[in-house]
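Beneath this line is the structure, given in structure tokens, with notes to follow.
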Amino acid sequence: MSADHLPIVRTVAELRTQVRAWRAAGQTVAMTPTMGALHEGHLSLVRLARTKADRVVASIFVNPAQFGPNEDFERYPRDEAGDARLLASAGCDLLYAPDVSQIYPPGYATKVSVSGVSEPLDGAARPGHFDGVATVVAKLLNQAQPDVAVFGEKDFQQLQLIRTLTRDLDIPVEIVGAPIARDADGLALSSRNAYLSAAERPVAGMMNKVLADAAARLVAGDSVEKVEATGRAALERHGFQRVDYFEVRQVEDLSPAGPPPYQGRVRIFAAAHLGKTRLIDNMAV
Ligand code: PAF
């Protein structure tokens, strides 16, 4: 499909009309929710979605409810026309770019909150963030009613929260996690990488190396406490200004790692600030 012809719908009614037409033709539907400012990581989600269903709908909505008062909602990069071109090139069939009135109409009063998995790590560092994510994802899935929804493992805590949310609320969708897309030096692709200065960019790439080193140390027998302290210190030594966390957590519910063995059971999670940019990454052990 040519980029210029990627259909864009902005209301729930239009979205459902299209999805209903696909279903009437016997086709299955996959969804990739995003906040736009798309990069190769998002496109890998769309390409994975393509392999899971006959049709792919992507959404772009910069969700105010998941940004804290001092976070980057206003300056979050927005480029709908560029995003639409990229989506079409990756095989997307439809872009749902709702107006805020479709998500939070006047009188909107409901919040979805997932306990447990949403509490440590980014839940502690960004109060309210995961309520905003859970609420908007519940809405987007109910609006589009896809068979499959694809989310990136870069936001691994978000992915596990969405698995919990859809299970607990009986939302009939299969949640698929997609591997983290990385630059050549290992930096996890993120829309926020656009904030990095030329001097900060090589430092940012070190986060992945510190995580890989930590995973190797854990497998070699170092304790969780030692690996966490060493990782945190390494990030600071490389030039990260504030480390929000560097923690080993169980894969399923993000609870503390507990005793070994660790391989296949835990992941290591990092979040740190570099200038005006907050970077997160994680690695399987
Ligand atoms: O990962 C994102 O881009 C967002 O958190 C999501 C899942 C689209 C919800 O706004």
- Note on the structure: In the range 50-68, anything under 12 Å from LEU87 (Cα atoms) and away from the ligand (no atom under 16 Å from the Cβ) is listed as ARG50
- Message: Exactly one of these conditions fails for GLY123: (1) part of a loop (DSSP other than H, G, I, E, B); (2) over 22 Å from LEU15 (Cβ atoms). Give me its number.
- Response: (1)
- Message: Quick test for you: out of ASP83, ASP4, pick the one residue that is at pLDDT below 95, more than 20 Å from LYS139 (Cα to Cα) and not in a loop (DSSP other than H, G, I, E, B).
- Response: ASP4
- Task: Identify, from the list ARG75, ARG50, ARG55, the residue that is within 22 Å of ASN142 (Cα to Cα), in contact with a Phe, Trp or Tyr (Cβ under 9 Å, 6 or more places away or on another chain) and not small (Gly, Ala, Ser).
- Result: ARG55
- Scanning the range 190-210 for residues that are of a type in the set (A, V, I, L, M, F, W, C) and crowded, with 18+ Cβ neighbours inside 10 Å, the one farthest from GLN241 (Cα to Cα) turns out to be VAL210
- Inspect the range 26-49 for any residue being farther than 26 Å from ARG182 by Cβ and outside any loop (DSSP other than H, G, I, E, B) and give the result as yes or no. yes
- Task: Give the residue that is nearest to ASP122 (Cα to Cα), with candidates limited to residues of the range 16-46 that are buried (at least 17 other Cβ atoms within 10 Å of the Cβ) and away from the ligand (no atom under 15 Å from the Cβ).
- Result: VAL29
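The values are calculated or read from the model by the stated rules, or taken from the named source; none is laboratory data. All values derive from a computational prediction rather than experimental measurement. As a convention, Cβ positions derive from the backbone with ideal geometry for all residues, glycine included, and neighbour counts pool all protein chains shown.
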